């Protein structure tokens, strides 16, 4: 039988526990004054009367909680602008690494979106939205291009005269691979599971894509068996999503310095691929 003195203490502890873990689920607001803006130790005492926490996150290794106030939160988060109009300024998370392509009478804007929960589990997905030539946002609700398990990063996009093609690097298999998906002019994702473009046992990162009138060329940086440095690779992909080069095309041959962050364009006859050289 519980001791009479212990019962109130246990009740208070239980209520406090429930209150604390309701916060991240959005079941109640939390206000904190005199808390460090970046992070605070979870054992610090905060006067709950000033700042409303937009989110409460726990750092699993250091057991710290993060508090942010409503006023600075939206200002600090990245936002998209068309002219002077803010796009998706109320979207949850961080919208980063945007890319854009023109085709079929509208622009397609693609980006990676970074989400987290109170256990500090992070998730990066690829989203897109169409924008008219007049700057009208045609998709007020962002379109998910890839929400596969694990993370997707750094999208790029091209247009083939019928559909858009979006590519990114993907960690669903445990390392970095290159995936893509076709998107129609109406914002419909044809390949919601993603098309595997290069999924070797090595890492492939930061793709870029261009259209030559017949096929796409997707380029990225990474390493293959036998490489002594990070190099630039590529693969051609048909408008139907068929990968023509299952063995990646070796584009840069710099055995002294690593090569990073490629980009590609088509001039009507040849592709030109550029990249950052690690030699300085």
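Among strands (runs of 3 or more DSSP E) lying entirely in the range 78-169, which contain 1 or more residues that are surrounded by fewer than 16 Cβ atoms within 10 Å (Cβ to Cβ) and modelled with pLDDT under 90? Those strands (runs of 3 or more DSSP E) span 80-82, 85-87, 94-103, 106-116, 122-131. Report, by residue number, each residue of the range 255-264 that is in contact with a strand residue (DSSP E or B) (Cβ under 7 Å, 6 or more places away or on another chain) and assigned to a loop (DSSP other than H, G, I, E, B). Selection gives 257 alone. Would you be able to say whether some residue in the range 176-195 is closer than 25 Å to residue 245 by Cβ, in a loop (DSSP other than H, G, I, E, B) and under 13 Å from the mean Cα position of the chain (by Cα)? No: zero hits. Checking the stated criteria, residue 183 turns out to be at pLDDT 95 or above and either under 20 Å from residue 108 (Cα atoms) or surrounded by fewer than 24 Cβ atoms within 10 Å (Cβ to Cβ) (or both). Can you say whether residue 191 is modelled with pLDDT of 95 or more, surrounded by 13 or more Cβ atoms within 10 Å (Cβ to Cβ) and over 25 Å from residue 107 (Cα atoms), as far as the supplied structure shows? Here the answer is no, as residue 191 does not meet what is asked. Inspect the range 265-274 for any residue being in a loop (DSSP other than H, G, I, E, B) and either buried (at least 18 other Cβ atoms within 10 Å of the Cβ) or touching a strand residue (DSSP E or B) at 6+ places or on another chain (Cβ under 6 Å) (or both) and give the result as yes or no. The answer is no; no qualifying residue exists. Of the residues screened, residue 201 is one that is surrounded by fewer than 18 Cβ atoms within 10 Å (Cβ to Cβ), farther than 23 Å from residue 125 by Cβ and modelled with pLDDT under 95. Looking only at residues in the range 225-253 that are part of a loop (DSSP other than H, G, I, E, B), touching a strand residue (DSSP E or B) at 6+ places or on another chain (Cβ under 7 Å) and touching a residue at least 12 places away in the same chain (Cβ under 8 Å), the one that is surrounded by the most Cβ atoms within 10 Å (Cβ to Cβ) is 248.
The values are calculated or read from the model by the stated rules, or taken from the named source; none is laboratory data. None of the values given here were measured: they were computed from a predicted structure. All Cβ positions, even for glycine, are placed from backbone atoms using ideal geometry, and neighbour counts span all protein chains on display.
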